[in-house]
Amino acid sequence: MSQPATAPAPVDATARRVAALALPALVVLAAEPLYVLVDTAVVGHLGRVPLAALAVAGTVMTLVAWLGTVVAYGTTGRSARRFGAGDRAAAVAEGVQASWLALGVGLLVAAGMQLGGGALARTLVGEPGAVADAAGHWLRVAALGAPGLLLAAAGNGWLRGIQDTRRPLWFVLGPNLLSALLCPLLVYPAGMGLVGSAVANVLAQTLSGVLFAAALVRERVPLRPRPRLIRQQLVLSRDLLVRGVAFQASFLSATAVAARFGAAAVGAHQIAVQLWFFTALVLDALAIAAQALIGAALGAGDAPAARALARRLALFGGVCGVGFAVLIAAGTGVVPGLFSADPGVREQAMVAWPWLVALQPIGGVVFALDGVLIGAGDVRYLRNLTIVAALGGFLPAIWLAYALDLGLGGIWAGLMLFVVLRLVALLLRLRSGGWAVVGAVR
């Protein structure tokens, strides 16, 4: 049951509190990309064409997941500020409106992919053929899970805002474990092939969305849509959406360029980029803690605690990134073979591998500071930064790699430039202190 507003309490910004929020969030964040890695390994043994098709279509569904990230991050910041100001009912109300928004967008995505999924796949591949046909088929089925996927994202947002990371743990982990078990069964014994992985994906996302919606109902708050509050969320989400579009334009372009280097190159790119997304989202657990704690600290008027926490999280992010770099480097000769038996794919994966290793420590700091600024509501700065880094770094680099026939090494050098540009700008913003604005809603 919702609780009445109370006086703001001091924000606990200790390392133990950070860990208490980050560790359950880590499992939640890891569940979806871990399932994608399982999916990639299962499909990879079907052959080169299904793996290439999954690489193309999976990149499109990653765009849908980023839409969910926009909803979740915007909701977390607003809910956390209201929770920090002592108004739990208002914090949960943010989740109700975010869920209506998520459901509407998810239905539009599902309908849109039924009409245009095939054409989109052909555009990304660059020509009609077996890869484009398989990607379009997978995409039309997988898109049916978009409403559940986005409802789960909204649910993660408001629950993190009230600093509850335990329920999301079960609401995400359970469906994804079920789907990971079903995927190989549907692909092989059931004879569904590539489309079996899409069906397993839809089942997991739909079940997760239902669980988060049920959690809102149990809060016993008004569930009717409130257009004014939805508009306020859209204003905040606009900058996060533009930021997400810049990300996705960059990664879609990278996949399109990799596809033009051949099926082996795009298959290897799928393996490397999904490992990158996996480690990025795991490291983003610190960003989730940052959103919840910094939003609560600023909502309670405690700017010094927010600034101290931001510095601590940046350090934690760097240390965790070094740990991932060591693990990935140690698996250089083993990990690519887990995803494909094709010698050409494994050879191409080795081209991207040094870049993947080097990106980990830098990315750890960047993801932590992203969370700091999102929790503070400083999303306009993040929007502008991402646009500049994408248009001035990543996109020119990857298309230059295509023009000069530099292969996957050129694509991943472009990704490195993108992340380094963001690191420099985020450290400058952190030092300025202009992001630490107090109040229940920024």
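Each value in this text was obtained by applying a stated rule to the coordinates, not by laboratory testing. As the structure is a computational prediction, the values presented were derived from the model and not from experiment. When we count neighbours, we look across all protein chains shown, and the Cβ atoms used for this are built from the backbone with ideal geometry, even at glycine.
Below are the figures for this structure:
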{"quantity": "Local electrostatic count at Val202 - Lys and Arg +1, Asp and Glu -1, tallied over other residues with Cβ under 15 Å", "calculated": "-1"}
{"quantity": "Residue among Pro227, Leu207, Pro168 farthest towards the positive dipole end of the chain, charges placed on Cβ", "calculated": "Pro227"}
{"quantity": "Cα-projected label distance for Arg166 with Arg311, points at 7 Å along beta-carbon direction, nm", "calculated": "3.3 nm"}
{"quantity": "Positive dipole terminus of the stretch 41-156, leading residue within Pro128, Ala90, Gly155 (C-beta point charges)", "calculated": "Ala90"}
{"quantity": "Around Gly371: net Lys/Arg minus Asp/Glu count, Cβ-Cβ under 14 Å", "calculated": "+3"}
{"quantity": "Dipole moment magnitude, nearest 20 debye, the stretch 15-432 about Cα centre, only Lys, Arg, Asp, Glu C-beta charged", "calculated": "1460 debye"}
{"quantity": "Rounded to the nearest 20 debye, dipole of the stretch 329-407 from Cβ charges on Lys, Arg, Asp, Glu", "calculated": "180 debye"}
{"quantity": "The chain, relative contact order [Cα under 8 Å, separation at least 6], %", "calculated": "24 percent"}
{"quantity": "Convex hull of Cα atoms in the chain, direction-averaged projection (nm²)", "calculated": "18.8 nm²"}
{"quantity": "Theoretical FRET efficiency, 1/(1+(r/R0)^6), r = Cβ-Cβ of Asn384 and Tyr188, R0 41 Å, to 0.05", "calculated": "0.30"}
{"quantity": "Spin-label pair Arg218/Leu427, simplified geometry with 7 Å Cα→Cβ offset, distance in nm", "calculated": "4.5 nm"}
{"quantity": "Within-15-Å neighbourhood charge of Ala310 [Cβ basis; K, R +1; D, E -1]", "calculated": "+3"}
{"quantity": "Choice from Ala303, Ala154, Ala287 showing the highest fluctuation, given a GNM over the chain with Cα pairs closer than 10 Å", "calculated": "Ala303"}
{"quantity": "Ranking of Arg81, Arg167, Arg231 by count of other Cβ atoms within 10 Å, fewest first", "calculated": "Arg231, Arg167, Arg81"}
{"quantity": "Spacing of the two label points (7 Å from each Cα toward its C-beta) at Leu338 and Leu107, in nm", "calculated": "4.1 nm"}
{"quantity": "Computed helical MRE - 222 nm, the chain, DSSP H runs ≥ 4 contributing -39500 (n - 2.57), nearest 500", "calculated": "-29000 deg cm²/dmol"}
{"quantity": "Segments 96-104, 155-163, 341-349 sorted - mean Cβ within 10 Å per residue, highest first", "calculated": "155-163, 96-104, 341-349"}
{"quantity": "Normalised contact order of the stretch 110-166, rounded percent, pairs of Cα under 8 Å and 6 or more residues apart", "calculated": "35 percent"}
{"quantity": "Given charges at Cβ of Lys, Arg, Asp, Glu: the chain dipole, positive-most of Gly244, Leu404, Val43", "calculated": "Gly244"}
{"quantity": "In Å, descending, principal axis extents of the Cα set of the stretch 159-256", "calculated": "50, 40, 23"}
{"quantity": "Rounded to 10°, Cα long-axis angle of helix 227-260 versus longest principal axis of the chain", "calculated": "20 degrees"}
